[in-house]
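Worksheet: one structure, shown below.
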Amino acid sequence: MSIPVKIINHSKYPLPAYATTDAAGMDLKANIPRTISLQPMERQLIPTGIYIELPSGYEAQVRPRSGLALKQGITCLNSPGTVDADYRGELKVILINLSNTEQQIQPGDRIAQMVVSSVEKVDWHPVTELNETVRSDGGFGHTGKV
């Protein structure tokens with residue numbers, strides 16, 4: 001199933017696309033005029049040149065690319081980053097270098113992936129108590145399992 005999404009591409013790179021038939025995400029590319037150096041623990045906002053108009057009831061999530069994280073120690077902050085259906089600005093990605101060495105971002109590098117999904121709205125029902133479960137309020141490693 002696919003949904004129609006309006007897109008403007010101000011970059012010189014192809015539109016985001018699925019790499020395989022069953023891929024959930026589409027790669028976003030760095031729309032930068034020259035190489036950017038990221039020092040260890042440095043973060044930068046990287047433009048993509050992409051603008052989208054999602055239908056109401058949908059969101060886009062911007063997520064890290066596993067290969068970039070493993071090979072270069074670069075990941076996305078604010079992850080997943082949510083692009084709301086009413087946002088019309090350029091998609092930009094906050095990258096951080098978690099490695100111990102300087103890393104390079106080249107023009108056109110695949111810097112993140114974007115997943116589009118439907119969003120359910122909540123209709124709150126205030127109550128004075130919630131149903132008990134086996135877990136109840138246990139959290140933050142309460143089972144002792146790794």
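Here, each number is a calculation from the coordinates, and none is a lab measurement. Bear in mind the structure is a predicted one, so any value in this text is a computation, not a measurement. Because the Cβ atoms are built from the backbone with ideal geometry, glycine has one as well, and the counts that use them run over all protein chains shown.
Among T82, T48, which is within 26 Å of K121 (Cβ to Cβ) and among the polar types (S, T, N, Q)?
After applying the criteria, what remains is T82.
Here are some residues: N131, N97. Which one is over 22 Å from A23 (Cα atoms) and either surrounded by 12 or more Cβ atoms within 10 Å (Cβ to Cβ) or in contact (Cβ under 8 Å) with a residue 40 or more places away in the chain (or both)?
N97
Look at R34 and say whether it is basic (K, R) and crowded, with 16+ Cβ neighbours inside 10 Å.
No: the conditions fail for R34.
Residues I8, I36: which one is more than 21 Å from S117 (Cβ to Cβ) and within 19 Å of the chain's Cα centre (by Cα)?
On inspection, the qualifying residue turns out to be I8.
Going through the range 103-135 one residue at a time, which ones are assigned to a loop (DSSP other than H, G, I, E, B), of a type outside the set (A, V, I, L, M) and under 30 Å from R43 (Cβ atoms)?
Q106, P107, G108, D109
With the requirement that a residue be within 19 Å of I74 (Cβ to Cβ) and among the small types (G, A, S), what does the range 20-48 give you?
Within the range 20-48, G25, A30, S37 meet the criteria.
For the range 45-76: of the residues being exposed (fewer than 13 other Cβ atoms within 10 Å of the Cβ) and in contact with a strand residue (DSSP E or B) (Cβ under 7 Å, 6 or more places away or on another chain), which is nearest to V116 (Cα to Cα)?
The selected residue is G57.
Collect the residues in the range 81-102 that are hydrophobic (A, V, I, L, M, F, W, C) and assigned to a loop (DSSP other than H, G, I, E, B), keeping them in residue-number order.
Hits for the range 81-102 are A85, L91, L98.
Among the numbered criteria (1) without any contact (Cβ under 8 Å) to a residue 40 or more places away in the chain; (2) surrounded by 15 or more Cβ atoms within 10 Å (Cβ to Cβ); (3) under 11 Å from the mean Cα position of the chain (by Cα), which single criterion is violated by T82?
(2)
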